[in-house]
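Report on one structure; see the data block that follows.
The values are calculated or read from the model by the stated rules, or taken from the named source; none is laboratory data. All of these numbers come straight from a predicted model, not from anything done at the bench. Note: ideal-geometry Cβ built from the backbone for every residue, glycine included; neighbour counts use all protein chains shown.
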Amino acid sequence: MTDDWTLVIKPKKRLLDLDLKSLWRYRDLWYMYVRRDIVTFYKQTILGPLWFLIQPVLTTIMYMFVFGGLAKISTDGAPQPLFYLSGIMLWNYFSDSFNASSNVFTNNASVFGKVYFPRLVVPLAGLTSNLLKLLIQLVLFILVYIGYRIAGVQLPIRPALLLFPFLVLLLAFHALSWGLIISSVTSKYRDLKFLVAFGLQLFMYATPIIYPLSAATGRIRTALELNPLTPIFEAFKYGCLGCGTLSWGGLLYSTVFMLVMLFISLIVFNRVERNFMDTV
């Protein structure tokens, strides 16, 4: 009597055997993880999804007071609320997606040790669920933007704004690739998580969020341009606020950097997932 198997689980895989096709077969599980991430965020809270709006509003006010008021940092002529909110919105999506990807093994060890499914489902679900938060904050940005337009403030909209979906995609896969590498390393060396959290905070100041790229000169500007996130933030501000710079070379550099890191991260992730249960 023969059995027709629909799935074969092998104990060993080749280094480049990523089995990406299985992600489609487990799309229902992907949806379940997305729903879980969204529901658990505001479960047992009074304001619920409003926290998606409160956090960027309070952060924008703080930036206006500290960096715009006390430090007198230029915003390239753009209204301070819009300038800071545009950067905060994109950075929140990147940092949340990075955190979701960088804790895949440690946060899901109990599940991974009992049930088989493609491990990439978890970080990809984190990218997807964080898109909802980004869209809610984007609505807030649009409302503030419309308010300034009604008030008579000149805010040129440029064709570069059409790049917004591509910019979000770049941010998502930058966060995924970096997070997968960190998750693979911290599955064995837990204390590195504290260093990564501190480094992420510092990295925010190396990204043009609270200041425009034009405010930097010389070696500092060169160092900022080496940041693959810089052209993404600058392109978005250029498209909707008329400030910043649109660098096609910078976007190409960011894309190539992302593809290389994504390839490396998938290989490292594939290798570590074979025996990470022995170390977690």
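Return the residues of the stretch 170-218 that are over 30 Å from Ser74 (Cβ atoms), free of Cβ contacts under 8 Å to residues at least 12 places away in the same chain and among the aromatic types (Phe, Trp, Tyr); say none if nothing qualifies. Scanning the stretch 170-218 gives Tyr189, Phe194. Of the residues making up the stretch 65-98, those that are touching a residue at least 12 places away in the same chain (Cβ under 8 Å), of a type in the set (Gly, Ala, Ser) and more than 17 Å from Tyr205 (Cβ to Cβ) are Gly77, Ala78, Ser97. Only residues that are of a type in the set (Val, Ile, Thr) and either in contact with a Cys (Cβ under 6 Å, 6 or more places away or on another chain) or closer than 16 Å to Gly87 by Cα (or both) were counted in the stretch 132-156, giving 4.
Could you tell me whether any residue of the stretch 137-158 is under 25 Å from Leu259 (Cα atoms), modelled with pLDDT of 90 or more and either surrounded by 15 or more Cβ atoms within 10 Å (Cβ to Cβ) or in contact with a Lys or Arg (Cβ under 7 Å, 6 or more places away or on another chain) (or both)? No, every residue in the stretch 137-158 fails to be under 25 Å from Leu259 (Cα atoms), modelled with pLDDT of 90 or more and either surrounded by 15 or more Cβ atoms within 10 Å (Cβ to Cβ) or in contact with a Lys or Arg (Cβ under 7 Å, 6 or more places away or on another chain) (or both). Screening Leu124 on (1) at pLDDT 90 or above; (2) surrounded by 14 or more Cβ atoms within 10 Å (Cβ to Cβ); (3) among the aliphatic types (A, V, I, L, M) shows it passes everything except condition (1). Among the criteria (1) buried (at least 17 other Cβ atoms within 10 Å of the Cβ); (2) under 20 Å from the mean Cα position of the chain (by Cα), the one Val260 does not fulfil is (1).
Only helices (runs of 4 or more DSSP H) whose full extent lies in the stretch 67-120 are considered here, and the ones with at least 2 residues that are modelled with pLDDT of 90 or more and either of a type in the set (Asp, Glu) or over 17 Å from the mean Cα position of the chain (by Cα) (or both) are 80-102. Just so you know, in the stretch 224-233 the residues that are part of a helix (DSSP H, G or I) and under 23 Å from Gly179 (Cβ atoms) include one that is modelled with the lowest pLDDT, and it is Leu224.
Against the list (1) surrounded by fewer than 17 Cβ atoms within 10 Å (Cβ to Cβ); (2) farther than 17 Å from Ser95 by Cβ, the condition Lys193 fails is (2). Name every residue in the stretch 184-208 that is β-branched (Val, Ile, Thr) and outside any helix (DSSP H, G or I), in order of residue number. Within the stretch 184-208, just Thr207 meets the criteria. Do we find that Tyr211 is of a type in the set (Ser, Thr, Tyr) and either surrounded by fewer than 20 Cβ atoms within 10 Å (Cβ to Cβ) or outside any helix (DSSP H, G or I) (or both) in this structure? Considered against the rule, which asks whether it is of a type in the set (Ser, Thr, Tyr) and either surrounded by fewer than 20 Cβ atoms within 10 Å (Cβ to Cβ) or outside any helix (DSSP H, G or I) (or both), Tyr211 comes out as yes.
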